[in-house]
Amino acid sequence: MNPLVDTIVAALAAVLENPANFVPLHIPEFSGNEKAYLADCIDSNFVSSVGAYVDRFEEMLAEFTGVKKAIVTVNGTAALHACLHLAGVEPGDEVMVPTFTFIATANAVWYCGATSHFVDVSEETLGLDPFRLRTYLEEIAQVQGGVCRNRKTGARIRAVVPMHSFGHPVDLDPLVQLCEEFQLVLIEDAAESLGSYYKGVHTGSFGACAALSFNGNKIITTGGGGAILTNDEELGRLAKHVTTTAKVPHRWEFNHDRVGFNYRMPALNAALGCAQLEQVPGFLARKRVLAAKYQEQFAGINGVRFFTEPGFATSNYWLNALVLEEERAELRDCLLEQTNERGLMTRPAWTLMHRLPMFSKNPRMDLFVAESLERRLVNIPSSAYLAGA
Ligand SMILES: *Cc1c(COP(=O)(O)O)cnc(C)c1O
């Protein structure tokens, strides 16, 4: 027992109105046209790769995020892989990736035969720190003939993949500038940030392309699914092509003009997506209400802070987070135990990528901020319904 842990458990219970039943971390909500669109999709017989719902979901996504093209995929990892492939990431390349992320980011780099080069994050955004990345690149990289090379390994550094952790945007302006100077392709892992804006512009529209995820735990879900976002029409066309086996359109012939992927989203999932996206403004509004309640409740508690959106951002507050002070880090496990015991689901941050056995030998900068956050951060219940009626 610890007084601070007791206070935190009581504060969580107060915001969640002393629930009698188990409160999960994040659950989806199907209170719109999901069943109607699914039934309509089945009745149409076009449940697979072609069908009106695929086109419609892609148009809705492009409109909502303000990008020129959205291409839906089977999941977010596939969208990321396709983005990296389209950005020209090749075997032997290095890609700058935050160590504080979900495994999909590093896996997608590996699928290209490339190496994740791990970058530290900022305490203010929980995402890639563009200022420390600059200092680091100035030290280890060299740009010659439009190619950025790691002076130590000799490998080409092709791209940077920032991830907007729990829906909080990274500081994109300095990152865009950095990518231009160092000739790096910017690809946003926006899997967690549908409905999050950087200086009023939707995340996922700052680089060459970006990936979204509609997994069951994300802000909207299609069961499983993802999307590629891009403002480059030509890249968008190519993205559709390579994610649909690179088949050359023809009424009866099966011809393929390059190696492609079968990454298309089935129409059934897109039908769910259309219904979910219609409700996203409501989900976002209620998630902000919940975050404001947490913020108020935790404002007066010393030793822990509720993580709030950076000044330049409007975040979707996909997953809410508490961050213990460094001197209180040893309470994390006790906090996880007590909250889950009380039926309030919490969980720690992901194990950092550079600690996983398959990535432990990868190149990296000093990762002390991520390592510190890993010891202190706990995600707390975040579903939209928790905002109350
Ligand atoms: C959810 C997520 C993805 C994609 O996951 P899928 O399950 O493949 O849709 C990618 N990156 C991050 C950071 C994620 O949280």
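The values are calculated or read from the model by the stated rules, or taken from the named source; none is laboratory data. Bear in mind the structure is a predicted one, so any value in this text is a computation, not a measurement. Note that each Cβ is placed from the backbone with ideal geometry, even for glycine, and that neighbours are counted across all protein chains shown.
Consider Glu123 carefully, then state whether it is within 16 Å of the ligand (Cβ to nearest atom), among the acidic types (Asp, Glu) and at negative phi. Against the criterion (within 16 Å of the ligand (Cβ to nearest atom), among the acidic types (Asp, Glu) and at negative phi), Glu123 does not qualify. Would you say Asn2 is of a type outside the set (Val, Ile, Thr) and either under 29 Å from Leu284 (Cα atoms) or buried (at least 16 other Cβ atoms within 10 Å of the Cβ) (or both)? Considered against the rule, which asks whether it is of a type outside the set (Val, Ile, Thr) and either under 29 Å from Leu284 (Cα atoms) or buried (at least 16 other Cβ atoms within 10 Å of the Cβ) (or both), Asn2 comes out as no.
Look at Leu172 and say whether it is more than 23 Å from Val74 (Cα to Cα) and at pLDDT 95 or above.
Details: more than 23 Å from Val74 (Cα to Cα): yes; at pLDDT 95 or above: yes.
It is true that Leu172 is more than 23 Å from Val74 (Cα to Cα) and at pLDDT 95 or above.
Residues checked against (1) in contact with a helix residue (DSSP H, G or I) (Cβ under 6 Å, 6 or more places away or on another chain); (2) surrounded by fewer than 14 Cβ atoms within 10 Å (Cβ to Cβ); (3) among the acidic types (Asp, Glu); (4) assigned by TED's automatic domain parsing to the domain that holds Arg376:
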residue	(1), (2), (3), (4)
Val9	yes, no, no, yes
Ala20	no, yes, no, yes
Leu38	yes, no, no, no
Ile42	no, yes, no, no
Val50	no, yes, no, no
Ala62	no, no, no, no
Lys69	yes, no, no, no
Ala87	no, no, no, no
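Checked against (1) within 16 Å of the ligand (Cβ to nearest atom); (2) surrounded by fewer than 22 Cβ atoms within 10 Å (Cβ to Cβ), Cys209 passes all but condition (2). Consider segment 126-147 and keep the residues that are away from the ligand (no atom under 14 Å from the Cβ) and part of a strand (DSSP E or B). The one that is farthest from Glu192 (Cα to Cα) is Gln144.
Yes/no matrix, rows are residues, columns are (1) among the β-branched types (Val, Ile, Thr); (2) within 16 Å of the ligand (Cβ to nearest atom):
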site	(1), (2)
Thr115	yes, no
Val119	yes, yes
Arg149	no, no
Tyr198	no, no
Val201	yes, no
Asn215	no, yes
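For Ala227, state whether it is crowded, with 19+ Cβ neighbours inside 10 Å, under 20 Å from the mean Cα position of the chain (by Cα) and more than 16 Å from the ligand (Cβ to nearest atom). The answer is no for Ala227. The number of residues in segment 290-325 that are over 16 Å from Asn2 (Cβ atoms) and over 19 Å from the mean Cα position of the chain (by Cα) comes to 14.
Among the residues of segment 80-88, is any within 16 Å of the ligand (Cβ to nearest atom), part of a helix (DSSP H, G or I), in contact with a Phe, Trp or Tyr (Cβ under 8 Å, 6 or more places away or on another chain) and small (Gly, Ala, Ser)? Yes, segment 80-88 contains a residue that is within 16 Å of the ligand (Cβ to nearest atom), part of a helix (DSSP H, G or I), in contact with a Phe, Trp or Tyr (Cβ under 8 Å, 6 or more places away or on another chain) and small (Gly, Ala, Ser).
Restricting Asp173, Asp189 to those that are within 12 Å of the ligand (Cβ to nearest atom) and touching a residue at least 12 places away in the same chain (Cβ under 8 Å) reduces the list to Asp189.
Listed conditions (1) more than 26 Å from Phe283 (Cβ to Cβ); (2) among the charged types (D, E, K, R); (3) in a helix (DSSP H, G or I) are all met by Glu63, apart from (1).
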